[in-house]
Amino acid sequence: MAKITLSNLRHSYAPNPQSADDYALKQIDLDWEDGGAYALLGPSGCGKSTLLNIISGLLVPSEGRILFDDRDVTGLPPDQRNIAQVFQFPVIYDTMSVRDNLAFPLRNRGVEEGRIAQRVAEIARMLDVEDMLDVRASHLSPDNKQKISMGRGLVRDDVNVVMFDEPLTVIDPHLKWKLRSKLKELHQRVRATMIYVTHDQTEALTFADQVVVMQQGEVVQIGTPVELFERPQHTFVGHFIGSPGMNVLPAVQADGRATFQGQPVALEGKITGQGGATELGIRPEFVTFADEGLEARVRKVSDVGRHSVVEAMVGDTAVKAVVEGDVPEQGAAVHLHFAPKHTRLYRDGWIATEVGP
Amino acid sequence: MKTENAKAWFFVLPVLLLVAFNALVPIMTVVNYSVQETFGNNVFFWQGLDWFEQILRSDRFHAALGRQFLFTFLILIIEVPLGIIIALSMPKKGIWVPVCLVLMALPMLIPWNVVGAMWNIFTLPKIGLLGYLMNDVLGIAYDMTQNPLAAWITIIVMDVWHWTSLVVLLAYAGLVSIPDAYYQAAKIDGASPWKVFRYIQLPKLKTVLTIAILLRFMDSFNIYTEVFVLTGGGPGNSTTLLSIDLVKIALGQFDLGPAAAMSLIYFAITLLVSWLFYTLMTKDDAK
């Protein structure tokens with residue numbers, strides 16, 4: 001188990017990268033604490049798998065260094081980094097029994113047989129696969145196969161980091177939550193550093209203590225699930241996390257105040273900086289109906305179960321609100337209220353208000 | 001409950017007719033000859049199973065069958081491993097892939113009698129390039145028209161040249177279908193190249209290799225053209241494989257009865273070995 005440091009990491013798949021667009025990873029500086037549970041969250045093509053492959057050693061970065069516990073491992077191949085990786089679809093050795101599959105990484109490292117048997121038994125108990133140890137691995141169901149490929153990573157007790165590359169992609173929905181909670185439980189038991197790559201916010205937020213949100217080869221925010229939800233540092237994070245995502249509305253900044261559709265809007269705190277394109281960010285959860293405020297007309301009401309999502313038009317801009325209980329009718333004229341504590345200004349995508357008193 | 005629908009037979013009727021005309025009818029003609037004696041003019045005498053008995057007891061048949069098995073065995077233990085090795089060393093991507101594939105496919109596109117003729121001219125002492133090189137430049141006595149061992153080496157090398165590509169192409173198709181994640185997982189698990197081959201590549205190749213071996217077995221067991229054109233079954237009878245012997249009996253001696261009986265025995269052996277092999281190879285998949 002180890003602390004992982006990524007410093008000045010850049011990677012390009014092109015042989016001679018010229019502009020920033022040639023880089024799959026633009027500039028990554030990260031510190032991951034020993035024993036933490038991290039998620040790398042971002043849309044497809046944002047560079048999260050590239051980053052994962054660089055940490056595991058399957059890819060060598062164009063620039064920058066990777067340190068495990070302050071030891072430079074940038075040039076080391078995967079088998080010398082003591083890492084484990086679980087792939088999108090289960091990778092198992094078909095012709096071997098489950099027991100041999102679990103023992104495989106230890107046998108390759110010349111671990112003594114008695115110790116192997118002990119570790120395999122421990123891991124099998126942890127994963128609830130004790131009753132299938134002698135079954136041929138090819139006969140297992142997809143979720144059990146994925147458990148075995150996880151087990152092959154965990155069986156080594158010297159493992160520095162366990163990485164998951166969208167491991168629930170091929171698992172049936174009703175088994176997903178089961179495996180997900182198993183993963184969380186495993187992390188609490190083995191206390192290894194774990195990195196979980198996904199584009200599914202639910203998976204990321206339930207698994208990780210710290211979520212790293214990536215977009216177009218850059219880290220846009222690192223934070224706990226609560227921080228990401230409550231105070232997105234970038235409109236992308238606000239939009240990507242949450243369902244529905246944050247309202248991002250065109251706004252005008254004048255005299256230290258912000259206006260939306262000609263009306264002044266109260267913000268969480270002081271505005272920082274000048275110029276650029278400004279936008280308001282407010283989560284639908286903090287938009288309420290009031291007797292006075294922004295005039296709007298309800299365009300669409302969707303009942304999503306526990307609550308309803310109301311889409312109202314303010315001028316030509318749609319604003320979403322999450323409403324519990326009674327909802328206005330479609331076409332009704334309403335007034336919207338933005339909770340000031342949760343209303344922020346963004347400049348060129350990045351947050352431009354200070355936390356209020 | 002099982003429902004029966006007699007109309008279904010109409011849908012398989014065309015196939016049944018086709019199979020009847022290209023397999024059943026010709027085979028039944030052979031069966032017809034195999035139990036009778038004829039001296040021409042469509043006059044037949046009933047012989048029962050005499051021909052079968054005669055063939056099964058004949059030393060000549062035993063010898064040809066032995067040569068046939070030896071030939072098939074030799075080409076299989078050379079072509080299958082060699083094909084896998086070549087497939088493993090072929091590039092997985094890039095501009096060389098199509099080049100390699102076309103080069104590999106070339107020998108298989110040459111008509112079989114041309115293959116025999118090419119190798120005949122190539123290996124003849126004095127006039128053939130190889131024959132000249134061996135005898136007159138390197139000083140190694142090599143004459144496939146006189147020396148049985150030289151003849152055997154030549155037919156084996158010819159078959160390896162002609163058909164290893166089939167194994168290569170099938171194995172290559174199997175190899176490129178293995179997802180990268182398997183190789184990455186193996187790297188992380190610290191597996192040696194041998195273990196990668198043994199536990200990832202070989203298991204994934206099992207199906208295509210079963211097909212490759214089956215095809216190569218049937219083709220080589222029934223081989224006629226190339227060997228006949230190259231050696232004519234000689235020197236002596238040393239390269240007279242089953243099919244060559246069969247043609248000698250049928251068309252050389254015009255013993256249609258024994259030839260027919262031999263054909264059926266030949267057919268039964270091919271079928272039996274193929275079935276045994278296929279059943280053994282697919283046994284654990286069904287479990």
> Taking the simple approach of a point 7 Å from Cα along Cα-to-Cβ for both A:Asp172 and B:Glu53, what is their distance in nm?
Replying inline: 6.4
> Which value, in debye to the nearest 20, gives the size of the charge dipole of chain A about its Cα centre, when Lys and Arg are +1 and Asp and Glu are -1 at the Cβ?
Replying inline: 540
>> Assuming 0.36 nm per residue, please report the length gained on full extension of the stretch A:Asp291 to A:Asp157 beyond their Cα-Cα distance.
In response: 42.1 nm
> So how long is each side of the stretch A:196-278 along the principal axes, counting just the alpha-carbon atoms, biggest first, in Å?
Replying inline: 44, 23, 20
> Could you state the number of Å between the C-alpha centres of the stretch A:132-166 and the stretch B:58-134?
Replying inline: 44
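Which whole-number value in Å³ per residue fits the convex hull of the alpha carbons of the protein assembly as shown?
Numbers: hull volume 188.7 nm³, N = 644.
It is 293 Å³ per residue.
Return B:Trp9, A:Trp177, B:Trp51 ranked ascending by Cβ neighbour count within 10 Å, so the fewest neighbours appear first.
Numbers: B:Trp9 9, A:Trp177 14, B:Trp51 24.
In increasing order of surrounding Cβ atoms, one gets B:Trp9, A:Trp177, B:Trp51.
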>> Run the helix sum for chain A: -39,500 (n - 2.57) per DSSP H stretch of 4+ residues, divided by residue count, reported at 222 nm to the nearest 500 deg cm²/dmol.
In response: -7000 deg cm²/dmol
> Translational D (Stokes-Einstein, µm²/s) of the stretch A:243-351 at 25 °C and 0.890 mPa s when Rh comes from the Kirkwood sum over C-alpha pairs?
Replying inline: 173
> Radius of gyration and Dmax for the stretch A:1-95's Cα atoms, expressed in Å?
Replying inline: 14.1, 47
>> Using a 10 Å cut-off around each Cβ, can you sort A:Ser243, A:Ser19, B:Ser263 from fewest to most neighbouring Cβ atoms?
In response: A:Ser19, A:Ser243, B:Ser263
> Of A:Val190, A:Ala332, A:Leu40, which is farthest along the charge dipole of the protein assembly as shown in the positive direction, counting Lys and Arg as +1 and Asp and Glu as -1 at C-beta?
Replying inline: A:Val190
>> Whole angstrom only: what separates the Cα centroid of the stretch B:226-271 from the Cα centroid of the stretch A:214-274?
In response: 87
> What aspartates and glutamates could a cross-link reach from B:Lys93, if we take a straight Cα to Cα line under 16 Å and drop same-chain neighbours fewer than 8 places away?
Replying inline: B:Asp180
> By a straight-distance test (C-alpha under 18 Å), which aspartates and glutamates pair with B:Lys206 as possible cross-link partners, with residues fewer than eight away in the same chain excluded?
Replying inline: A:Asp94, B:Glu79, B:Asp284, B:Asp285
>> Using the basic label-point model (7 angstrom from Cα toward the beta carbon), what is the A:Arg125 to A:Met313 distance in nanometres?
In response: 6.5
> Can you give the translational diffusion coefficient of chain A in µm²/s, computed by Stokes-Einstein from the Kirkwood radius over Cα pairs at 10 °C and 1.306 mPa s?
Replying inline: 70
>> Run the simple label-point estimate for B:Val247 and B:Lys195 please: 7 Å along Cα→C-beta, distance reported in nm.
In response: 5.2
> How do A:Ile92, B:Ile153, B:Ile265 rank when sorted from fewest to most other Cβ atoms within 10 Å of their own Cβ?
Replying inline: B:Ile153, B:Ile265, A:Ile92
> So between A:Ser97 and A:Ala14, what do we pick up on full extension, going 0.36 nm a residue minus the alpha carbon distance?
Replying inline: 25.7 nm
> Which lysines have a Cα less than 28 Å from the Cα of A:Lys178, not counting those fewer than 8 places away in the same chain?
Replying inline: A:Lys48, A:Lys145, A:Lys147
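What FRET efficiency comes out for B:Thr282 versus B:Ser177 if R0 is 22 angstrom and r is the Cβ-Cβ distance? Round to the nearest 0.05. If you can, show how the numbers build up before the last one.
On the way: r = 19 Å, r/R0 = 0.85.
It comes out at approximately 0.70.
When the Cα atoms of the stretch B:58-286 are enclosed in a convex hull and the volume is divided per residue, what value in Å³ results? Don't skip to the answer; put the middle values down first.
On the way: hull volume 35.8 nm³, N = 229.
Roughly 157 Å³ of hull volume per residue.
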> What's the center-to-center distance, using Cα atoms, between the stretch B:154-176 and the stretch B:188-223 in Å?
Replying inline: 13
> Expressed as an acute angle from 0 to 90° and rounded to the nearest 10, what is the orientation of the C-alpha long axis of helix A:173-190 relative to the principal long axis of chain A?
Replying inline: 70
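What do you get for Rg/Rh of the stretch B:156-287 when both radii come from the Cα atoms and Rh is the Kirkwood radius?
Working: Rg = 20.4 Å, Rh = 17.9 Å.
Checking Rg against Rh, the ratio lands at 1.14.
Taken together, the values in this text are just the output of simple stated rules run on the coordinates, not laboratory data. Values in this document were obtained by computation on a predicted structure and should not be read as measured data. All Cβ positions, even for glycine, are placed from backbone atoms using ideal geometry, and neighbour counts span all protein chains on display.
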